[in-house]
Every structure is written in C-alpha cells, then in structure tokens.
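S.K.: Dropping the structure in here first, questions after.
The values are calculated or read from the model by the stated rules, or taken from the named source; none is laboratory data. Keep in mind that what you see is a predicted model, and the values were worked out from it rather than measured. So basically every Cβ, Gly included, is an ideal-geometry build from the backbone, and we count neighbours across all protein chains shown. Note: areas computed on protein heavy atoms with side chains; ligands, DNA, RNA excluded. Shrake-Rupley method; radii C 1.70, N 1.55, O 1.52, S 1.80 Å.
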Amino acid sequence: MINLVNRAGVFTLILLFVFQSCSSNNDSSDTAGAITPDKIAVQVDVVGKTAEMPNGDGSGKINLKIEAPNAKSYKIVVNNETKEFTTSNFTYEFTQPGTKTYTIDVTAYNGVKYTYASTTVNIFVARKLIWSDEFNKDGAPDSSKWGYDLGTGNGWGNNELEYYTNRSENVKIEGGLLKITAIKENYQGSQYTSTRMLTKGKFSFKYGRAEVRAKLPAGGGTWPAFWLLGDNIDTAGWPLCGEIDILESVGNNPNVIHSSLHSPGRSGNTPDTKTTTVSNSTSEFHIYAAEWDAENIKFYVDDNLFYTYKNSSTTPFNQKFFVILNLAMGGNFGGAVDPNFKSATYEIDYVRVYN
C-alpha cells in the first residue's frame, strides 16, 4: 500500500510491507516467549519532495519511521552502510551528487526473532562546495589552507631541476590570481626556483569533484600540475598511497593536457593515462577537473569529458587525498629546458572541491 502525503513542503512516501515471520529456533531462556514481529510499515520522508522536485530538494536527506509490532531493535542497510538502533526513527543523508536509486533494507528484531523488508528510494543530491580558495586577497597564500614542499627533494623522484621555495618571488596572490613563477637563477645549488604548495594536514577528501581554473606557463622545460595524493603517503609510501594527476602539461609539447593515475604496478610510466589538446592553454584560462567516486574517475577540460578510469575496491583510490599545485622544471617528464628560458608563470584563478 502506497500513500503520498504533502506535509509542510515534504512529501511522505509510506511503504507498508507485510511479511511472513522469520523466527529463530533458539529457545534459550532470554528469548523464550518472544513474539516475532509480523509486520513492518516503513514511512520514508524524502525531504523537499514536490511535484516540481520529485526526488527531493537536493539535500539528499530522508527520514524513516518504522512500525513493527513487538520489535525492540532495528537494522537498516542503505548505501553499503549498516546502522543499528533501538528507536523506530532514522535519518540518513546521501552525499553522492546526482539522481540515484538506492535500496533500503530494514530488519526488525525481538531478541533473535526478526522480520525483514526492502524498498527503494529515488533521491537527488545537489553538488556542494566543500573547500575552495578563490585567491582574492593579495599577498601570500592562506596558511590555513596551504603548506609547502621546500628544497630539491632529490629531484622529487623525477630528476627535476628546481628548488622549491615559499618566497614571494616564486608564489604570491595578485589581482585575484595565484601566481607560481619559475625563475632561472642560482639558488641553494640549483639553477631554477619555483613553488610546490599543498593542502596536506589541512584539507583532504574522499570522492567528489576537484577543479582548477588556470592559465598555463609557456617555455621549454616547464611542467605545471594540479594533482591529488593519498593522505597515507607517510605510512604507505608511493605509489601505494595512490596519485591522481588532474592536469599536467609540458612546455616542450604545448597545449597537450595529460591526466593520469599512479598505483602499485602502474606507476612511473603508467598505462592509466590519456591526453587532450587545448589550443590556447598558455594564453587563456581553462577549467581542468576530475570527478571521482567508487566506480569511476572522470577527467574534463571545460566540462568536456576525455578520459574515464574504472575505479574498484582493489585500487588506492578509495581513501582521502590532498591537493597539490606546483610548477616543476625539467626532469623525466618536463624534458630539456630552453637555454633562453628566464621565467614563466602558472596563473590560477581558483581551486574548488565539491562533494
């Protein structure tokens, strides 16, 4: 029996299930005489559901009320999560953006005796901004959001040539833009300086959309990047921690955008990579993004999808990752530096992360 009731802007979906009792053969003294719950009425409130918004208001919230005579405890399985409680009211919030159909499994218990029911719900979850930096205040980047990798890092595993600093010569916010500048200069034994900034220890996330709006530097040997690294790198090491390269480009092959993933057995010269071409990447701003969930990691330029990686439970890409922005010089990927190179700037309008 299905009844729809409009109450205070929230439609109520009432699903009444009547099932034959499922009972245990355990006749121990603590369950003797227990009566098996013989009916389950599951009332599912989809928050904000209207005729215009049949799958809710985008909050992803549902409220459940369970009626099961003689029941003393309940178990709900929804979205691969199991919840157990002794009250008959339950609230749940879905977080994966989009409109999806979810199964809700309900079990009502009286001791070891139980009755089970299952239903589905259609729910819409709007994308929500969970972290961003708009780079609107001139000066140094916000220290509550960004830290730095400093030094040469022995070439950072790639035989890179730069010395990373947090000096204003190499990184600053000016006119609403973050500017990371690579400079040819003798500094601490290196021939080039630049900046590598990251949110490690300040912000990380599991699943969602990460995007940068950026104009790339020009010049042979430049290697700008926007990427994610697994939060557990200090304990697991690389590549077990996983790496998601949303944007890489090299000045020796201008306007070619690389998106790649690195994982055990698929690191270094990874096969998990694709490219796309942007004709004016060094003269115009473009949006480089990845949308990541348990099933897929999708890569976009200006919302044009060009690569889909099939994720699974066997990859490292099911944990929290932090964000990195950097401009490298030379190295295994950046290649030879133009002998006439003096400086180049990687300009970032914003970085945004959505649920």
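S.K.: Assess whether residue 111 counts as being farther than 18 Å from residue 345 by Cα, open to solvent by 60 Å² or more (accessible area, probe 1.4 Å) and modelled with pLDDT under 95. So that I can check it myself, show each step before the final result.
M.R.: On the way: farther than 18 Å from residue 345 by Cα: yes; open to solvent by 60 Å² or more (accessible area, probe 1.4 Å): no; modelled with pLDDT under 95: yes.
Against the criterion (farther than 18 Å from residue 345 by Cα, open to solvent by 60 Å² or more (accessible area, probe 1.4 Å) and modelled with pLDDT under 95), residue 111 does not qualify.
S.K.: Please enumerate the residues belonging to segment 36-64 that are outside any strand (DSSP E or B), farther than 17 Å from residue 98 by Cβ and not charged (D, E, K, R).
M.R.: The first filter runs over segment 36-64 and keeps only residues outside any strand (DSSP E or B), leaving 36-38, 47-57, 60.
Okay, now just the ones that are also farther than 17 Å from residue 98 by Cβ, so 36-38, 50-52.
Within segment 36-64, 36, 37, 50, 51 qualify.
S.K.: Something else: Quickly run through segment 128-168 and pick out the residues that are without any contact (Cβ under 8 Å) to a residue 40 or more places away in the chain, under 13 Å from residue 192 (Cβ atoms) and buried (at least 17 other Cβ atoms within 10 Å of the Cβ).
M.R.: 163, 165
S.K.: Let me spell it out: the conditions are (1) of a type outside the set (Lys, Arg); (2) open to solvent by 20 Å² or more (accessible area, probe 1.4 Å); (3) in contact (Cβ under 8 Å) with a residue 60 or more places away in the chain, and residue 212 meets all of them except one. Which number is the exception?
M.R.: Residue 212 satisfies every listed condition except (2).
S.K.: Tell me, yes or no, whether segment 345-353 has at least one residue that is touching a His at 6+ places or on another chain (Cβ under 9 Å) and either open to solvent by 50 Å² or more (accessible area, probe 1.4 Å) or aliphatic (A, V, I, L, M) (or both). Steps first, please.
M.R.: So the first thing to find is which residues in segment 345-353 are touching a His at 6+ places or on another chain (Cβ under 9 Å), and the list is none.
Taking every residue of segment 345-353 in turn, none turns out to be touching a His at 6+ places or on another chain (Cβ under 9 Å) and either open to solvent by 50 Å² or more (accessible area, probe 1.4 Å) or aliphatic (A, V, I, L, M) (or both).
S.K.: In addition: Tell me which residues, restricted to segment 114-127, are open to solvent by less than 20 Å² (accessible area, probe 1.4 Å) and more than 30 Å from residue 71 (Cα to Cα).
M.R.: Within segment 114-127, 125 is the sole residue that qualifies.
S.K.: Report yes if some residue within segment 72-79 is of a type in the set (A, V, I, L, M), modelled with pLDDT of 50 or more and over 21 Å from residue 128 (Cβ atoms); otherwise report no.
M.R.: Keep residues of segment 72-79 that are of a type in the set (A, V, I, L, M), which gives 76-78.
Then drop every residue that is not modelled with pLDDT of 50 or more, which leaves 76-78.
Next, only the ones that are over 21 Å from residue 128 (Cβ atoms) stay: 76-77.
Checking segment 72-79: at least one residue is of a type in the set (A, V, I, L, M), modelled with pLDDT of 50 or more and over 21 Å from residue 128 (Cβ atoms).
S.K.: Let me ask another. Within the set of pairs 6+ apart or on separate chains, which have a first residue in segment 52-80 that is at positive phi and of a type in the set (Gly, Ala, Ser), a second that is open to solvent by 40 Å² or more (accessible area, probe 1.4 Å) and assigned to a loop (DSSP other than H, G, I, E, B), and C-beta atoms under 7 Å apart?
M.R.: Pairs found: 56/49; 60/95.
S.K.: Among the residues of segment 228-243, how many are surrounded by fewer than 23 Cβ atoms within 10 Å (Cβ to Cβ) and either part of a strand (DSSP E or B) or among the β-branched types (Val, Ile, Thr) (or both)?
M.R.: Looking only at segment 228-243, we keep the residues that are surrounded by fewer than 23 Cβ atoms within 10 Å (Cβ to Cβ), and these are 229, 231-241, 243.
Restricting the remaining residues to those that are either part of a strand (DSSP E or B) or among the β-branched types (Val, Ile, Thr) (or both) gives 229, 233, 235, 243.
Total satisfying the criteria: 4.
S.K.: For segment 116-135, check the following and say yes or no: at least one residue is at pLDDT 95 or above and on the phi > 0 side of the Ramachandran plot.
M.R.: Yes, that holds for at least one residue.
S.K.: Which members of segment 78-88 meet the condition of being surrounded by 12 or more Cβ atoms within 10 Å (Cβ to Cβ) and closer than 19 Å to residue 113 by Cβ?
M.R.: Listed by number, the residues that qualify are 85, 88.
S.K.: Contact list please: Cβ distance under 8 Å, first residue in segment 93-108 and more than 12 Å from residue 74 (Cβ to Cβ) and open to solvent by less than 40 Å² (accessible area, probe 1.4 Å), second residue assigned to a loop (DSSP other than H, G, I, E, B) and of a type in the set (Gly, Ala, Ser), pairs at least six apart or on different chains.
M.R.: Cβ pairs passing all conditions: 94/60; 97/126.
S.K.: If I filter segment 260-297 down to residues being within 16 Å of the chain's Cα centre (by Cα) and crowded, with 18+ Cβ neighbours inside 10 Å, which single residue comes out as nearest to residue 336 (Cα to Cα)?
M.R.: Here is the first cut: in segment 260-297, the ones within 16 Å of the chain's Cα centre (by Cα) are 260-261, 288-297.
Still in the running and crowded, with 18+ Cβ neighbours inside 10 Å: 260-261, 288-292, 297.
Details: 260: 22, 261: 24, 288: 25, 289: 28, 290: 29, 291: 33, 292: 33, 297: 31 Å.
Once the filter is applied, the top-ranked residue is 260.
S.K.: Follow-up question, since we're still on this one. Exactly one of these conditions fails for residue 246: (1) outside any loop (DSSP other than H, G, I, E, B); (2) of a type in the set (Val, Ile, Thr); (3) open to solvent by 10 Å² or more (accessible area, probe 1.4 Å). Give me its number.
M.R.: Tallying (1) outside any loop (DSSP other than H, G, I, E, B); (2) of a type in the set (Val, Ile, Thr); (3) open to solvent by 10 Å² or more (accessible area, probe 1.4 Å), residue 246 fails exactly one: (3).
S.K.: While we're looking at this one, here's another question. Just to be sure I understand, how many residues within segment 169-208 are polar (S, T, N, Q), crowded, with 21+ Cβ neighbours inside 10 Å and touching a residue at least 60 places away in the same chain (Cβ under 8 Å)? Step through it out loud before you land on a result.
M.R.: Kept after step one, since they are polar (S, T, N, Q), are these residues of segment 169-208: 170, 181, 186, 188, 190-191, 193-195, 199, 204.
This time we only want the ones that are crowded, with 21+ Cβ neighbours inside 10 Å, so: 170, 193-195, 199.
Within this subset, residues satisfying the condition of being touching a residue at least 60 places away in the same chain (Cβ under 8 Å) are 194-195, 199.
Within segment 169-208, residues that are polar (S, T, N, Q), crowded, with 21+ Cβ neighbours inside 10 Å and touching a residue at least 60 places away in the same chain (Cβ under 8 Å) number 3.
S.K.: Collect the residues in segment 303-344 that are farther than 22 Å from residue 180 by Cα, among the hydrophobic types (A, V, I, L, M, F, W, C), touching a residue at least 40 places away in the same chain (Cβ under 8 Å) and open to solvent by 10 Å² or more (accessible area, probe 1.4 Å), keeping them in residue-number order.
M.R.: Across segment 303-344, the qualifying residue is only 306.
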